[in-house]
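Asker: Before I ask anything, here is the structure I am working with.
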Amino acid sequence: MLEVTFTRDSRNRLSSVFAGGHAQAGDHGEDVVCAAVSAIVQAARLGLEEYAGVALTVRQESGDFSMSWPRERRDDEAVRAIVTTAELSIEQIARQYPAHVRLVRKSDGT
């Protein structure tokens, strides 16, 4: 199962996203569910870095992706739009493919 976690800080602002595991909805290289989730998180990364100019902390390996953004950028309208759109998109995929994708929302309290 592919699990995608969106974390919010103590002010209820999105602060990070983590995706781990594999959707296992098809053969390697043909798993459209995994590809969809990957495309969404990669598009969010690109939007944050290239459009919004945010310096991200990113870790990416096969089956493991995480990114977080600085506290001082979390109120930025572009940042909120990009990461909220990613969260809503992953939510829809998790609803359509509950056996393959799980969305987790949590608070880190900082």
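The values are calculated or read from the model by the stated rules, or taken from the named source; none is laboratory data. Small disclaimer: the values here were computed from a predicted structure and weren't measured. Note: ideal-geometry Cβ built from the backbone for every residue, glycine included; neighbour counts use all protein chains shown.
Asker: Here is a check on your reading of the model: is Arg11 of a type outside the set (S, T, N, Q), part of a loop (DSSP other than H, G, I, E, B), touching a Lys or Arg at 6+ places or on another chain (Cβ under 9 Å) and surrounded by fewer than 19 Cβ atoms within 10 Å (Cβ to Cβ)? Walk me through how you get there before you give the answer.
Answerer: Values: of a type outside the set (S, T, N, Q): yes; part of a loop (DSSP other than H, G, I, E, B): yes; touching a Lys or Arg at 6+ places or on another chain (Cβ under 9 Å): yes; surrounded by fewer than 19 Cβ atoms within 10 Å (Cβ to Cβ): yes.
Taking the combined requirement at face value, the residue satisfies it.
Asker: Need pairs with beta-carbon distance below 7 Å; first residue closer than 12 Å to Val104 by Cα and within region 9-21, second acidic (Asp, Glu); sequence gap 6+ or separate chains.
Answerer: If the second residue must be acidic (Asp, Glu), the pairs left are Gly20/Glu3; Gly20/Asp64.
Asker: Can you tell me which of Gly26, Gly21 is at pLDDT below 90, surrounded by 14 or more Cβ atoms within 10 Å (Cβ to Cβ) and more than 11 Å from the chain's Cα centre (by Cα)? Before the answer, list the steps.
Answerer: Values: Gly26 fails: surrounded by 14 or more Cβ atoms within 10 Å (Cβ to Cβ).
The conditions single out Gly21.
Asker: Please note which strands (runs of 3 or more DSSP E) are completely contained in region 51-110 and include at least 2 residues that are touching a residue at least 12 places away in the same chain (Cβ under 8 Å) and either over 16 Å from the mean Cα position of the chain (by Cα) or surrounded by 12 or more Cβ atoms within 10 Å (Cβ to Cβ) (or both).
Answerer: On the way: elements: 57-61, 64-68, 101-107.
Those strands (runs of 3 or more DSSP E) span 64-68, 101-107.
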